[in-house]
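The values are calculated or read from the model by the stated rules, or taken from the named source; none is laboratory data. Please read all numbers here as calculations on a predicted model, not as lab measurements. FYI the Cβ positions are ideal-geometry reconstructions off the backbone, even for glycines, and counts take in every protein chain you see. Only protein heavy atoms, including side chains, enter the accessible area calculation; ligands, DNA and RNA are left aside. Shrake-Rupley method; radii C 1.70, N 1.55, O 1.52, S 1.80 Å.
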Amino acid sequence: MNARKWIVASVVVSAIAAQTRGVADDGAVQPIQTTTDTTRVATTEQVTSTGWPTDSYEPFPANQLSLQAFGTYATRDREGFRADQGGGGLGLTYFFLRYVGIGTDTYIEEWKWPYRVNGSAILRLPLPEQFSKLAVYGFGGGGREFKDIPQYTWHGGGGLEYKFSRHLGIFADAREVFPDKTANYTLVRGGVSFGF
């Protein structure tokens, strides 16, 4: 009985061993090659991003300082009398937010040392998509004239700015000026802006 159990056990072990390896004719043991099927699943993700493409630029960024050089047309001179005065000026603007900034400017009607300075709060609205290089803006503030008739002034107005690049643009605006000692007048400016 024990011999019979031993023979059955040997046959079972031999059958198991034959399944896990092959035996060559010369008695060398060779591995059995097995094939398994693997299924791979490919997924596609679509990513949508908003904002400016990397090959483009943001024409109206936050934290931008700009220098402005402009020509002017005023309906009155600095003394509040004569009409139709031309001149020029310089300004600085700084937008600490994309939509909110501050500015200062000075302009002259005759080519002497500037005799007035103005400060403004500016609200800017860049236009969407196909007009993205164009912005409308409104501003208001006050100033001081130091020569001829020293006086304080208040002003409010609006304009447009077009950017060729992040650092170069053109602008045009108009403001109504309210001096405290002379008659009110309208000032129109047009010029270039250089962003830093």
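Tell me the accessible surface of Arg98 in square angstrom (1.4 angstrom probe, heavy atoms of protein chains only), to the nearest ten.
Approximately 60 Å² of Arg98 is accessible to the 1.4 Å probe.
Using the beta-carbon distance between Phe196 and Asp148 and R0 = 30 Å, what value does 1/(1 + (r/R0)^6) give for FRET efficiency, to the nearest 0.05?
With a Förster radius of 30 Å, E is 0.30.
Rounded to a whole number of µm²/s, how large is the Stokes-Einstein D of the stretch 67-196 at 4 °C and 1.567 mPa s, given Rh as the Kirkwood radius over C-alpha pairs?
Using the Kirkwood radius from Cα pairs, D works out to 86 µm²/s.
Which FRET efficiency, nearest 0.05, do Lys133 and Ala183 yield, Cβ-Cβ r, R0 41 Å?
0.60
At a 1.4 Å probe radius, which order do His155, His167 fall into by accessible area, largest first?
Ranked from most to least accessible, the order is His167, His155.
Check Asn184: other-chain or 5+ apart residues with amide H under 5 Å from its amide H, H built from backbone geometry?
Correct list: empty.
Which order do you get for Arg166, Arg82, Arg116 if you rank them by accessible area with a 1.4 Å probe, largest at the top?
Ranked from most to least accessible, the order is Arg82, Arg166, Arg116.
Rounded to the nearest 10 Å², what accessible area does Ile108 show when all protein chains are kept and the probe is 1.4 Å?
Near enough 10 Å² of accessible area.
Please calculate the 1.4 Å probe accessible area of Lys181, with all protein chains present, and give it to the nearest 10 Å².
Number for this one is 130 Å².
Which order do Trp113, Trp154 take when ranked by solvent-accessible area (1.4 Å probe, heavy atoms of all protein chains), largest first?
I get Trp113, Trp154, largest accessible area first.
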